[in-house]
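Visitor: Provided herewith is a single structure, encoded as structure tokens, for subsequent inquiry.
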Amino acid sequence: MHEITLCQNVVDIITHHAQHNNAHRITAVWLEIGAFSCVESEALNFCFELVCRETLAEGCQLHLIMPPAQSWCYDCQQEIALLSPKALICPQCGGRNLRVTADDGMKIKRIEIE
């Protein structure tokens, strides 16, 4: 489960920013999870709550933004949504001539502090 390490890194980063801004508490954080990141949202929620204990982020609300992978199929000339990096096949025509636009990372988009 790599989600615990991801959460530890996020909490380190947001805590550093909160301290730098003389905050007493981190109330919310928004994370964007790439469609091909292989991050399990339920595991991330569980780990985040654990990692936040006894930090400035204890009780912090976690908001996940999960944009779908987008792709252009050159065979049928349509923009399509892909569900998995393992299934690089157009759901419309079955073609494999795709231009995929999907992130495989995780980004901190916003932090709310007091």
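The values are calculated or read from the model by the stated rules, or taken from the named source; none is laboratory data. Nothing here was measured: the structure is a model prediction, and the numbers come from that model. Using ideal geometry, Cβ is built from the backbone for each residue, glycine included, and neighbour counts are taken over all protein chains shown. SASA here: full protein model, heavy atoms, side chains in, ligands and nucleic acids out. Shrake-Rupley method; radii C 1.70, N 1.55, O 1.52, S 1.80 Å.
Visitor: Any chance region 82-105 includes a residue that's open to solvent by 50 Å² or more (accessible area, probe 1.4 Å) and at positive phi?
Guide: no
Visitor: Only one of (1) open to solvent by 70 Å² or more (accessible area, probe 1.4 Å); (2) farther than 25 Å from CYS7 by Cα; (3) within 17 Å of the chain's Cα centre (by Cα) is not met by GLN70, so which one is it?
Guide: If we test GLN70 against (1) open to solvent by 70 Å² or more (accessible area, probe 1.4 Å); (2) farther than 25 Å from CYS7 by Cα; (3) within 17 Å of the chain's Cα centre (by Cα), just (1) comes out false.
Visitor: Scan CYS38, CYS52, CYS47, CYS60 and give me the residue that is farther than 18 Å from GLU112 by Cα, among the hydrophobic types (A, V, I, L, M, F, W, C) and at pLDDT 95 or above. Walk me through how you get there before you give the answer.
Guide: Working: CYS38 fails: at pLDDT 95 or above; CYS52 fails: farther than 18 Å from GLU112 by Cα; CYS60 fails: farther than 18 Å from GLU112 by Cα.
The match here is CYS47.
Visitor: Hey, another quick one. Could you grab me the full set of residues in region 24-54 that are touching a helix residue (DSSP H, G or I) at 6+ places or on another chain (Cβ under 8 Å), open to solvent by less than 90 Å² (accessible area, probe 1.4 Å) and in a loop (DSSP other than H, G, I, E, B)?
Guide: VAL39
Visitor: Out of all the residues in region 64-79, is one or more touching a helix residue (DSSP H, G or I) at 6+ places or on another chain (Cβ under 6 Å) and over 23 Å from GLU114 (Cβ atoms)? First the steps, then the outcome.
Guide: Of region 64-79, the ones touching a helix residue (DSSP H, G or I) at 6+ places or on another chain (Cβ under 6 Å) are 64.
Cutting the leftovers down to over 23 Å from GLU114 (Cβ atoms) gives us none.
No: zero hits.
Visitor: Quick check on GLN78: is it open to solvent by less than 90 Å² (accessible area, probe 1.4 Å), of a type in the set (S, T, N, Q) and over 14 Å from the mean Cα position of the chain (by Cα)? Give the derivation first.
Guide: On the way: open to solvent by less than 90 Å² (accessible area, probe 1.4 Å): yes; of a type in the set (S, T, N, Q): yes; over 14 Å from the mean Cα position of the chain (by Cα): yes.
Spelling it out, GLN78 is indeed open to solvent by less than 90 Å² (accessible area, probe 1.4 Å), of a type in the set (S, T, N, Q) and over 14 Å from the mean Cα position of the chain (by Cα).
Visitor: Any residue at all in region 62-77 that's closer than 21 Å to VAL100 by Cβ and small (Gly, Ala, Ser)?
Guide: If we filter region 62-77 for residues that are closer than 21 Å to VAL100 by Cβ, which is where we start, we get 65-77.
Narrowing the set further to residues that are small (Gly, Ala, Ser) leaves 69, 71.
Yes, some residue in region 62-77 is closer than 21 Å to VAL100 by Cβ and small (Gly, Ala, Ser).
Visitor: Same structure, new question: Among the residues of region 57-114, what is the count of those that are in contact with a Pro (Cβ under 9 Å, 6 or more places away or on another chain) and of a type in the set (Val, Ile, Thr)?
Guide: Going through region 57-114 one residue at a time, the tally reaches 2.
Visitor: Look through region 88-104, keep the residues that are among the β-branched types (Val, Ile, Thr) and within 9 Å of ALA69 (Cβ to Cβ), and return whichever of them is modelled with the highest pLDDT. Even if it seems obvious, please write down each step before you answer.
Guide: Step one: of region 88-104, the residues among the β-branched types (Val, Ile, Thr) are 89, 100-101.
Applying the additional criterion that residues be within 9 Å of ALA69 (Cβ to Cβ) yields 100-101.
On the way: VAL100: 82, THR101: 79.
Once the filter is applied, the top-ranked residue is VAL100.
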